[in-house]
Amino acid sequence: MRVGLVSDTHGIFDPRLPELFTGCDVILHAGDVVGADILRRLGQVAPVRAVRGNNDVGPVEGDLPELAWVELGELTALLVHEIGARERLAPPVRRALSRRPVQLVVHGHSHRPGVVREGDLLFVNPGSAGPRRFSLPRAAGVLEARARHISVRLHDLASPRLELLAPPFGGNLVARRCRKIRDRPAAGRTQHETRQRH
């Protein structure tokens, strides 16, 4: 299964997105869409699942859910805009993870692309495909899932050949049981995050 990952478009539809998302079975938008036309144009490429971000106040995007569970073959993803800090998740995210088991959390808000594995959860932020913010790259990603093995690639939308921002992440995700999510210290995480380009 091939999945397009995008977030924080803020009303801008990057013309490279259709090229990047060609062949995707579904596109996940992690909020701050800011414009129904963004969802319409993405929907011409593949079916779209989207959630509401803090800037989504229009008549269409304002009606998007705060979070959504998305089945990706044998895996389940939680799609949400803002998670808080990974070591201290926002209450709605904590409740969602306690209600239903997921292996993957796709989120946005920070505009900082990255992939971080914490225990049996994989957090993916595709970055912002909208306006450039500070020194952060404009980015989007592609996830490929085969059974419980996934690979995640984050691409620089400003590069001529949609170059990778970091080496691809690859690994197996295991089944999770619903359990109470406790705040964890920052130490001991396995990180695979992009470095900022200056």
Mind checking which pairs have a first residue in the range 30-54 that is touching a residue at least 12 places away in the same chain (Cβ under 8 Å) and a second that is assigned to a loop (DSSP other than H, G, I, E, B) and of a type in the set (Lys, Arg), Cβ under 6 Å, 6 or more apart or different chains?
-> GLY31/ARG52
Close pairs (8 angstrom Cβ cut-off, 6 or more residues apart or separate chains): hydroxyl-bearing (Ser, Thr, Tyr) in the range 73-88, at pLDDT 95 or above and not in a loop (DSSP other than H, G, I, E, B) anywhere | THR76/TRP69; THR76/VAL70; THR76/LEU104
Kindly provide the set of residues from the range 133-143 that are surrounded by 16 or more Cβ atoms within 10 Å (Cβ to Cβ) and touching a residue at least 60 places away in the same chain (Cβ under 8 Å), ordered by number.
-> LEU136, PRO137, ARG138, ALA140, GLY141, VAL142, LEU143
Of GLU87, GLU71, the only residue that is surrounded by fewer than 17 Cβ atoms within 10 Å (Cβ to Cβ), more than 11 Å from the chain's Cα centre (by Cα), acidic (Asp, Glu) and at pLDDT 95 or above is GLU71
Go through the residues of the range 99-115 one by one and say whether even a single one is surrounded by fewer than 20 Cβ atoms within 10 Å (Cβ to Cβ), within 15 Å of the chain's Cα centre (by Cα) and either of a type in the set (Ser, Thr, Tyr) or within 24 Å of ASP14 (Cβ to Cβ) (or both).
-> yes
Tally time: how many residues in the range 1-59 are assigned to a helix (DSSP H, G or I) and aromatic (Phe, Trp, Tyr)?
-> 1
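The values are calculated or read from the model by the stated rules, or taken from the named source; none is laboratory data. On a predicted model such as this, the values are computed, not experimentally measured, just so you know. For neighbour counting, all protein chains shown are included, and Cβ atoms are generated from backbone atoms with ideal geometry for every residue, glycine included.
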